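A short reminder: the numbers here are calculations on the coordinates, not readings from a lab. Predicted model, so just to flag it, every value in this text is computed and none were measured. Here the Cβ positions follow ideal geometry from the backbone for every residue, glycine too, while neighbour counts run over all protein chains shown.
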Amino acid sequence: MSRKTPIISPSILAADFANIQSEVELLNRSEADWIHIDVMDGEFVPNISFGIPVCQAIQKHATKPLDVHLMIVKPERYVEDFAKAGAEIITIHYEACPHLHRNLQQIKALGCKTGVSLNPHTNIEVLADTIMDIDLVLLMSVNPGFGGQKFIEQTYAKTTRLRAMIDKVGATTMIEIDGGVNADNARPLIDAGADALVAGSFVFSSDDPVKTIAQLKSV
Ligand code: DX5
Ligand code: ZN
């Protein structure tokens, strides 16, 4: 079996916000595939990060697809703004969406890829009836709200179960893992069936983020 190369999506949340242009340029010249943008509203999660103007500022300099992760309530109010701000993938939280199916159609109609994120406690089965409409499932491997947390080991088994569920129905949905990703858990996650890995502090707290991204690409 050939070894699958992971898609790497460094999280800008861990970057230096005072130097956002140079941080984005660093990602442009790295082997990163996407740029992960963590939007937090202080309500769905207990933290506030940034919103649409910052996404627009990133778009101005980015040469890679923007992978936007909305940790906000009522995301339908803002998905159009994020699509206009350059989002290629828009991920919303299952836990924040009583009308998930409708929200997915809205994202599709904007021409974006649809993403749904599950908190660590949320069973994958809740996506069984919408999986064909989902381009990417983002499994949280920490409780959302903060960078730099410890990876939850249960994520390996959850990834395996989700991969089986996707393959069983013949969907093309990708699996992305978010939280506490590093060079030790990256390969086991890919082997369990993940396609893409978000990495924040592991990349930006390292001495050489470009090299760290290359390291994650080649695990
Ligand atoms: C957490 C965010 C993550 C975070 C990952 O709520 O969704 O994307 O930035 O950061 P690390 O890799 O430091 O856990
Ligand atoms: Zn995220």
| remark: Here the gain from full extension of Glu76 to Ser218, 0.36 nm per residue of separation minus their alpha-carbon distance, amounts to 47.4 nm
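Starting from the Cα gyration tensor of the stretch 22-89, take the square roots of the eigenvalues, sort them a ≥ b ≥ c, and report rounded, prolate or oblate (rounded when a/c is under 1.5, otherwise prolate if a/b is larger than b/c, else oblate). Don't skip to the end; give the middle numbers.
On the way: a/c = 2.24, a/b = 1.74, b/c = 1.28.
Prolate is the answer for the stretch 22-89, as a/c is 1.5 or above and a/b outweighs b/c.
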| task | Give, as a single signed number, the net charge of other residues whose beta carbon lies under 13 Å from the beta carbon of Asp38, with Lys and Arg counted +1 and Asp and Glu -1. | result | -4
| task | Calculate the tail of P(r) for the chain: the fraction of all Cα-Cα distances greater than 28 Å, expressed in %. | result | 21
| note | Extension length gain for Glu153 and Arg3 (0.36 nm per residue less Cα distance), in nm, is 51.8 nm
| request: Assign unit charges at the C-beta atoms only (+1 for Lys and Arg, -1 for Asp and Glu), then state the dipole size of the stretch 1-153 relative to its Cα centre in Debye, rounded to the nearest 20. | output: 240
| request: Treating only the Cβ atoms of Lys and Arg (+1) and Asp and Glu (-1) as charged, compute the dipole magnitude of the stretch 37-121 about its Cα centre; round to the nearest 20 debye. | output: 260
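Under the 0.36 nm per residue contour assumption, what length would be gained going from the current alpha-carbon distance of Arg29 and Phe17 to full extension?
On the way: separation 12, 0.36 × 12 = 4.32 nm, distance 1.84 nm.
Answer, rounded to one decimal: 2.5 nm.
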| task | Cross-chain or 8 or more residues apart, Cα under 26 Å: how many lysine pairs in the stretch 1-134 fit that? Count them up, please. | result | 13
| field | Cut-off 16 Å (backbone N to label point 7 Å along Cα→Cβ of Ile48), residues of the stretch 71-112 | value | 71-73
| message | Can you tell me how the stretch 35-151 classifies by the Cα gyration tensor, rounded, prolate or oblate, using a/c under 1.5 as the rounded cut? | response | oblate
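Where nothing but the Cβ of Lys and Arg (+1) and of Asp and Glu (-1) is charged, how large is the charge dipole of the stretch 88-188 around its Cα centre, in debye to the nearest 20? Could you put the intermediate results ahead of the total?
Details: 9 positive and 11 negative charges, 16 e Å.
Here the size comes out at about 80 debye.
Which FRET efficiency, nearest 0.05, do Val210 and Ala128 yield, Cβ-Cβ r, R0 41 Å? If you can, show how the numbers build up before the last one.
Numbers: r = 40 Å, r/R0 = 0.97.
Given R0 = 41 Å and the Cβ-Cβ separation, E is 0.55.
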